[in-house]
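Worksheet: the structure to be examined is printed underneath.
The values are calculated or read from the model by the stated rules, or taken from the named source; none is laboratory data. This is a predicted model, so every value here is computed, not measured. We place every Cβ from the backbone using ideal geometry, glycine too, and count neighbours over all the protein chains shown. The protein model used for the area step is the full one, side chains on, heavy atoms only, and it has no ligands, DNA or RNA in it. Shrake-Rupley method; radii C 1.70, N 1.55, O 1.52, S 1.80 Å.
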Amino acid sequence: MTDAPKCPACGNPVSQAKCPVCGGATPWWVRRREPLLLAVLVAMAAAFFAATTFLVRFHRQRELALAEGWFDQGERDVAAGRPDAAIADLRNALQFDHEDRRYRLRLVETLVAAHHPNQATSYLLNLWDEQPADGDINLRLARLSAQRGDMTAAKRYYRYAIDGVWDNDPVAHRLQTRLEFAEFLIGHEAFGDAQAELLAAEEESPNDAALRKRLGELFLQAGDAGNALANFSTAERLHPDDADAVAGAGEAAFDLGEYESAKTYLERARRMEPNNAKVSDLLQITSEVLEADPLQRGLAGGERSRRAADAFHLALARVEQCTAKLTGEPVAAAPADLGQLKSQMDAIAKRVTAPALYRDADLMAQAIRLAFRVEEVTAKRCGRASGPDRALQLAAQRHPESAP
Amino acid sequence: MSIRPLVESAPEADAPRAPLRHGMREEQFFLLVAIIIGVFSGLAVVCFRIAIDWARFLLLTSALTPPFPRIVLAPALVGVLVAVLVMVFFQRVRGSGVNQTKGALYIYDGYIPFKTVIGKFITSALAIGSGHSLGPEDPSLQIGAGLASLIGRKFRLSRDKMRLIAPVGAAAGLAAAFNAPITAVLFVIEEVIGRWTAGVLGAVVLSAVSSVVVARWFLGAEPLFRIPTYSMVHPGELLAYAVLGVAGGFAGVVFQKLIGHLRPALKALPRWTQYLQPGVAGLLIGLIALRLPQVQGAGYEYIDQAMHGQYLWETLGILAGAKILATTLSFTSGTPGGLFAPTLFIGAMLGGAVGEFERLMFPHLAVPIGAYALVGMGTLFAGFLRAPMTSVFMILEVSGDYSIIIPVIISNTIAYLISRALQQKPIFEVLSDQDGMHLPSLEEEREVSVVRVEDAMRPPSMAPLHEDTPLSVAAKLAEDSYEDFILVSSTARNWYGISRERLRTFLKEGKGDLSLSAVMPLRPMPYVHPDQSLDLALREIGDHPLLPVVHRADLKQLVGVISLADIMTAYHVGGRPLT
């Protein structure tokens with residue numbers, strides 16, 4: 001395979017110290033040419049390796065410096081409101097250091113800000129492939145998916161984010177993510193799922209007034225007034241001067257039908273924030289309910305019978321209005337249930353007076369029952385009432401045992 | 001005149017090979033040399049990549065979109081400089097380097113001057129760094145081959161080994177450039193060596209692996225591209241990839257025809273124009289780059305962007321077309337540099353364009369654009385470079401994702417078939433023909449039909465005799481046979497032969513009672529099988545009048561005989577024996 005070493009004197013092949021042809025001495029480096037050459041090549045490779053190491057280090061440092069420079073430029077462009085320029089700068093940074101998480105995440109944020117969600121998602125998916133358990137990446141993917149309208153993906157990534165790994169303060173991040181997820185679910189009317197997340201969040205939550213208040217708001221939005229009231233109460237207890245917490249408690253109590261405590265909370269809230277229109281409106285309705293409810297505890301007999309009579313006649317007017325609205329014709333053509341109620345009410349209308357009801361407990365019970373029933377039926381048929389009718393309707397809901 | 005066999009008939013009968021002076025066998029020494037070549041090639045390619053980056057920083061700045069007027073002037077002025085360097089100092093560095101390496105293998109006994117290595121390094125780094133639309137992989141292949149040639153010469157390797165050393169270095173260079181050893185090995189076998197031969201495979205693999213180890217030591221093991229995750233959701237996606245295959249096939253043909261026509265036209269111009277052609281090409285590329293800066297250089301960062309859905313399908317299509325044009329200008333003007341990276345770029349853009357378009361038409365096919373871009377790269381590799389196996393494994397290797405294999409195979413196969421139907425010769429063969437070299441190719445080898453023993457053999461005129469047969473009986477049977485030469489089988493599944501004349505002689509000597517085994521030669525005769533090539537039979541027959549053709553599953557079963565005359569007849573009439 002290889003040519004044998006040759007004698008330097010006569011050129012004949014030689015493998016010994018002395019040439020067999022001319023007898024000349026053969027230097028050792030001629031006889032041992034191949035191992036010597038191997039050794040030289042290995043030494044050269046080592047030297048080449050060392051030189052390349054130096055070169056690569058120097059080059060890498062230069063690249064990292066360039067990357068950082070472009071990143072800084074990108075930050076300046078973001079701050080100056082130039083997202084497209086920032087995207088170009090961040091891509092320039094990434095060409096020199098495409099593993100840098102900071103650059104990649106910043107690019108994602110900038111792409112989102114510049115309304116390029118698909119590109120942002122693509123970059124995030126690459127990050128997700130590398131770190132599927134990263135809570136931050138999953139959260140960003142969830143938000144992007146929500147933005148794109150991909151509900152299934154959004155839910156999946158929110159759950160991954162909640163269970164994911166967070167670098168610092170994982171408990172707080174998980175909690176915030178869960179709350180955000182709950183808001184997302186509420187926004188898409190998945191109230192059952194939202195309540196489940198809020199319950200989990202409540203268990204993990206420290207006793208912090210702001211957090212409890214937020215929980216209360218979300219519970220309220222998710223339709224769980226009981227837990228909302230509990231959280232608002234806690235928030236109010238921790239921070240009694242928080243008008244929002246007090247108002248929230250009042251609203252929750254109102255939704256629960258606990259009008260007495262709702263009134264207490266709402267009056268306090270109004271004292272704290274007199275200009276809060278929502279509180280004022282709610283307080284007014286609450287007061288109306290408490291004043292109109294004939295079955296309110298602790299009422300004197302005369303007051304009860306007066307309320308009962310007022311409720312009856314209010315309901316009678318309501319049924320006539322609702323019937324007229326539905327048919328546009330006289331009672332004879334009314335819907336059956338309304339017609340039946342009207343007939344029953346007409347049968348006793350002349351006798352329903354405050355004094356008569358005071359004397360006749362059965363008549364009072366019947367009058368109240370009919371009034372409540374009318375409010376319930378007309379609410380379904382003709383929509384939610386307003387004013388005194390609304391108050392009577394809410395009062396009826398407090399006493400389901402009085403339903404016929 | 002007897003024909004000496006060129007190969008030994010039984011391996012166990014080989015004389016031991018003469019060991020090297022220092023106790024190492026020839027094959028082992030060659031493998032050791034291959035490792036050394038791999039190390040040097042890996043280091044050289046790392047330096048080459050850094051040189052390209054520095055050239056780019058210096059000439060075009062570090063921005064992905066270089067500022068004006070650098071974007072126009074850099075490739076133009078550097079083009080002129082490169083032309084002067086090539087014309088005056090480094091005449092052998094023109095082109096990609098693949099054919100030049102192949103030429104070293106088949107024409108120049110593996111000789112590549114070291115000056116070529118230096119020249120290729122400098123001129124390609126300048127050209128690619130200044131924005132010419134060329135890639136670094138092919139020059140890396142030639143640099144590796146050149147280093148291998150130098151090391152081989154220093155070791156004074158034999159001519160046979162010197163011929164093989166160039167592909168060993170080529171694989172090392174390409175593997176380091178691509179960070180993909182399997183791809184490099186397959187490409188070298190498919191394109192550089194042009195035939196499947198086990199003889200050099202070990203060395204090629206070793207050199208590729210050692211160069212990749214070195215390259216990864218410095219540059220990391222991360223893949224060239226960050227590929228989005230792919231998983232097939234709907235079988236209808238395969239149709240989408242078939243469409244991509246069609247598009248890739250036609251794009252490959254267009255690209256090849258452009259290069260095939262423009263290159264000789266430019267070479268035919270007066271010699272003085274060749275000092276300016278790369279400069280003019282650079283100027284035109286610079287002007288294109290004013291609107292489409294993505295066409296400059298290798299373009300890997302833009303492939304990455306395409307994979308992440310940065311561009312609309314119209315933009316992707318335009319980029320594919322512009323890159324075809326830019327690369328044609330750079331390559332045909334004689335600027336040193338490679339075609340791999342531009343091929344991948346064009347394929348990625350085309351794949352992305354097809355994918356985006358299909359996604360708009362069929363939204364339920366929610367395949368990420370990155371998957372189309374990835375498959376597109378392989379498709380154009382198969383359709384333009386006509387290296388189908390390399391293209392499949394390349395995609396698997398750069399993506400690390402096996403789930404993409406079916407779409408890749410479908411798309412690549414369609415592109416390859418379209419390209420073959422519309423363009424007879426692959427691009428490298430076209431280029432070598434234009435340079436006046438006729439080099440073999442794997443496609444050429446596949447086209448050649450192999451003439452086999454079964455095409456030439458004939459039935460024996462008499463059944464073979466067993467070695468225990470008495471000579472008297474054998475002689476009588478031989479008298480009735482048409483053959484002058486009788487075949488004898490032994491219990492040990494060996495075959496022997498004896499002529500009719502010798503049998504008569506033994507009878508006259510009164511040895512009729514002896515069995516045939518007493519007079520057989522010590523050494524059995526060679527045999528062949530029906531499916532083996534006739535070339536092997538020609539080498540095995542030697543002095544023997546006949547060769548037994550035996551069944552592969554039963555060596556004692558004679559299926560035919562073949563003589564030298566039968567072999568010559570088969571070759572004369574193209575493989576069909578005369579009846």
Among helices (runs of 4 or more DSSP H) entirely inside the range B:51-153, those with 2 or more residues being within 14 Å of another protein chain (Cβ to nearest Cβ) are B:114-130
The range A:262-278 residues that are within 13 Å of A:Ala245 (Cα to Cα) and modelled with pLDDT of 90 or more, paired with ones that are open to solvent by less than 50 Å² (accessible area, probe 1.4 Å) and of a type in the set (Ser, Thr, Tyr) (beta carbon under 7 Å, 6 or more apart) | A:Ala262/A:Thr286; A:Leu266/A:Thr286; A:Arg270/A:Ser280
Would you be able to tell me the number of residues in the range B:355-390 that are farther than 21 Å from B:Lys257 by Cβ, away from chain A (no Cβ under 14 Å), open to solvent by 10 Å² or more (accessible area, probe 1.4 Å) and part of a helix (DSSP H, G or I)?
-> 4
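Being surrounded by 24 or more Cβ atoms within 10 Å (Cβ to Cβ), part of a helix (DSSP H, G or I) and not β-branched (Val, Ile, Thr) is the filter here; which residues of the range B:318-340 pass it?
B:Leu319, B:Ala320, B:Lys323, B:Ala326, B:Leu329, B:Ser330, B:Phe331, B:Phe340
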Any helices (runs of 4 or more DSSP H) falling wholly within the range B:459-553 and containing at least 2 residues that are of a type outside the set (Phe, Trp, Tyr), closer than 30 Å to B:Met568 by Cα and under 42 Å from the mean Cα position of the chain (by Cα) = B:534-541
How many of the residues making up the range B:263-317 are among the aliphatic types (A, V, I, L, M), assigned to a helix (DSSP H, G or I) and within 14 Å of chain A (Cβ to nearest Cβ)?
-> 4
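Condition check ((1) touching a Phe, Trp or Tyr at 6+ places or on another chain (Cβ under 7 Å); (2) within 14 Å of chain B (Cβ to nearest Cβ); (3) closer than 25 Å to A:Ala228 by Cβ; (4) surrounded by fewer than 16 Cβ atoms within 10 Å (Cβ to Cβ)) across all residues:
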{"residue": "A:Leu124", "(1), (2), (3), (4)": "no, yes, no, no"}
{"residue": "A:Asn138", "(1), (2), (3), (4)": "yes, no, no, no"}
{"residue": "A:Arg148", "(1), (2), (3), (4)": "no, yes, no, yes"}
{"residue": "A:Ala153", "(1), (2), (3), (4)": "no, yes, no, no"}
{"residue": "A:Ile186", "(1), (2), (3), (4)": "no, no, yes, no"}
{"residue": "A:Gly192", "(1), (2), (3), (4)": "no, no, yes, yes"}
Cβ pairs under 9 Å, 6+ apart, first in the range A:338-353 and in a helix (DSSP H, G or I), second exposed (fewer than 14 other Cβ atoms within 10 Å of the Cβ) = A:Gly339/A:Ala332; A:Gly339/A:Ala333
Residue hits (the range A:85-102; within 10 Å of another protein chain (Cβ to nearest Cβ) and either open to solvent by 40 Å² or more (accessible area, probe 1.4 Å) or not aliphatic (A, V, I, L, M) (or both)) are A:Ala88, A:Asp89, A:Arg91, A:Asn92, A:Gln95, A:Phe96, A:His98, A:Glu99
For the range A:56-84, pairs from a residue that is closer than 27 Å to A:Pro117 by Cα to a residue that is open to solvent by 90 Å² or more (accessible area, probe 1.4 Å), with Cβ under 8 Å and 6 or more apart or across chains, are A:Phe71/A:Arg102
Subset tally (residues that are touching a Leu at 6+ places or on another chain (Cβ under 8 Å), closer than 16 Å to A:Tyr103 by Cβ and at the interface with chain B (Cβ under 8 Å from one of its Cβ atoms)) for the range A:48-84 = 1
Given (1) open to solvent by 20 Å² or more (accessible area, probe 1.4 Å); (2) more than 30 Å from B:Gln256 (Cβ to Cβ); (3) at pLDDT below 85, where does B:Ser481 come up short, assuming only one miss?
-> (1)
What single numbered condition from (1) surrounded by 14 or more Cβ atoms within 10 Å (Cβ to Cβ); (2) modelled with pLDDT of 90 or more fails to hold for B:Asp531?
-> (1)
Counting only residues that are of a type outside the set (A, V, I, L, M) and modelled with pLDDT of 90 or more, which one in the range B:456-468 is least open to solvent (accessible area, probe 1.4 Å)?
-> B:Arg458
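Okay, residues lined up against (1) among the β-branched types (Val, Ile, Thr); (2) part of a helix (DSSP H, G or I):
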position: A:Val108; (1), (2): yes, yes
position: A:Val112; (1), (2): yes, yes
position: A:Leu139; (1), (2): no, yes
position: A:Thr152; (1), (2): yes, yes
position: A:Arg174; (1), (2): no, yes
position: A:Glu189; (1), (2): no, no
position: A:Ala201; (1), (2): no, yes
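So which residues in the range A:214-233 are open to solvent by 20 Å² or more (accessible area, probe 1.4 Å), touching a residue at least 24 places away in the same chain (Cβ under 8 Å) and assigned to a helix (DSSP H, G or I), if there are any at all?
Correct list: A:Arg214, A:Glu217, A:Leu220, A:Gln221, A:Gly226, A:Asn227, A:Leu229.
Residue-by-condition table, conditions (1) open to solvent by less than 20 Å² (accessible area, probe 1.4 Å); (2) modelled with pLDDT of 85 or more:
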| site | (1), (2) |
| --- | --- |
| A:Pro330 | no, no |
| A:Ala333 | no, no |
| A:Asp337 | no, no |
| A:Leu341 | yes, yes |
| A:Arg351 | no, yes |
| A:Arg373 | no, yes |
| A:Gln393 | yes, yes |
| A:Arg398 | no, no |
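Do you know which residues across the range B:154-187 are touching a residue at least 24 places away in the same chain (Cβ under 8 Å), more than 18 Å from B:Met394 (Cβ to Cβ) and within 12 Å of chain A (Cβ to nearest Cβ)?
Within the range B:154-187, B:Phe155, B:Leu157, B:Arg159, B:Lys161, B:Met162, B:Leu164, B:Ile165 meet the criteria.
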